[in-house]
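Presented below is the structure to which this report refers.
Please treat every number below as a calculation from the coordinates, not as lab data. Keep in mind that this is a model prediction, so the values were computed, not measured. Because the Cβ atoms are built from the backbone with ideal geometry, glycine has one as well, and the counts that use them run over all protein chains shown.
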Amino acid sequence: MPEQSSENLQVEAKDTEPEEDSVDKEQEGETKAQEDVLDGDDIKKKEPYDAMRQEPHLTNLIVESYLGEKNELGFFHGVGTAYFRGNHVYSGSFVNGVMDGKGQYMWANGIKYEGDFKNNIIEGTGLYTWTDESTYEGEVSGGLRHGQGTFACGTIPSSYTGEWKYGRRCGEGILHYGKEGLSYYDGHWMNNKRHGFGMRRYASGNIYKGDWRDNVRHGTGTMHWYDKNERYEGQWENGVQHGRGEHSWYLKRVPGSQYPLRNYYVGEWVNGLRHGHGTFYYATGAKYVGEWMNNMKHGHGKYIFKNGLVFEGKGAVTGPI
């Protein structure tokens, strides 16, 4: 929890954590919502649908007509164009009656694939183009994005370059959330979600580097709020500080020193709040050691002043001081 200090650096006050993204409010390439509900700094997404686009399937390949080369047995062989039932069209290489080699397949709905085919299957490398100008260029297997490739969304200024597995982001990759390149996630993915170790840079310039699970900060990581001169390093759960960690509030740099003045808390956190046992260190050299509840001092604790004076008690140190 961020803590604002008064000029004498002795007073702590409650505040709300500068959350960057319990759910990212920035438009992401992987999801888009039918309805967005503003909730403070966040946008809660309702009824998300896949904005990464689905690869269309090759339907029953029933040829209605064909123009092109054939072999001595009458099979399509060489270069030709096949018109399939359902108004789908393939132009390119045939081998013994099947699509094989380089070619272009156009679905009746306007989606297009250009690239490698093998035995009537989209296999190898190629380029998908959707009707909204979204594109994918890279490796494919069984008609799905699989291997290395780049997807660029045609309706949201976002793009992903990295590893894919059976049509989903899986492995290492970087997702840019805008044309300027200021907001991005670079790290590990699983099943189209940020999962594993990665670094998220937000449009504000703030940066989180650490563990993710199911698209949220979860595990061990460090968050820098550069716009607020704050930093947290420690454990996270479901997007918020939870467990043990250290949160610093940087104040100003001491003349002649490379280290800035700071207040900082080291201890236990629960659901983004100081809760449990912890120590608050003041930039003046004093510190408070004791129990916390819901981000406030609560229960037994003691103040140790810079001059060594100790004030200890239970209840007397409850709440902000």
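Assorted remarks:
- When Glu133, Glu268, Glu237 are arranged by Cβ crowding within 10 Å, least crowded first, meaning fewest neighbours, the order is Glu133, Glu237, Glu268.
- The stretch 69-103: trypsin sites (Lys or Arg not before Pro) in DSSP coil with no more than 15 other Cβ atoms inside 10 Å: Arg85
- Counting every other Cβ atom within 10 Å of each residue's Cβ, Leu58, Leu127, Leu175, Leu309 order from fewest to most as Leu309, Leu127, Leu58, Leu175.
- Working note: Debye formula, equal point scatterers on the alpha-carbon atoms of the stretch 190-287, no solvent; log10 I(q)/I(0) at q = 0.10, 0.14, 0.21 Å⁻¹ is -0.31, -0.57, -1.07.
- Karplus 3J(HN,Hα) series, Hz, for the stretch 105-120 with 6.51 cos²θ - 1.76 cosθ + 1.60 (x for Gly, Pro): 10, 10, 7, 4, 7, x, 6, 10, 10, 10, x, 8, 10, 9, 6, 6
- Local electrostatic count at Asn87 - Lys and Arg +1, Asp and Glu -1, tallied over other residues with Cβ under 15 Å: +1
- Whole-angstrom gap from the stretch 184-259 to the stretch 137-171, using each part's C-alpha centre: 27 Å
- Neighbour net charge for His300 - beta-carbon separation under 13 angstrom, K R +1, D E -1: +1
- The stretch 79-155: C-alpha pair distances exceeding 22 Å, %: 20 percent
- Residue pairs, from the table Lys118/Lys165; Lys252/Lys297; Lys70/Lys102; Lys287/Lys314, whose Cα atoms sit over 21 Å apart: Lys252/Lys297
- Taking Ser93, Ser158 and counting other C-beta atoms within 10 Å, the order from fewest to most: Ser93, Ser158
- Kirkwood-type radius of the stretch 121-195, with distances r between different C-alpha atoms, in Å: 12.4 Å
- Remark on the stretch 129-277: hydrodynamic radius 17.2 angstrom, per the Kirkwood mean of 1/r across alpha carbon pairs.
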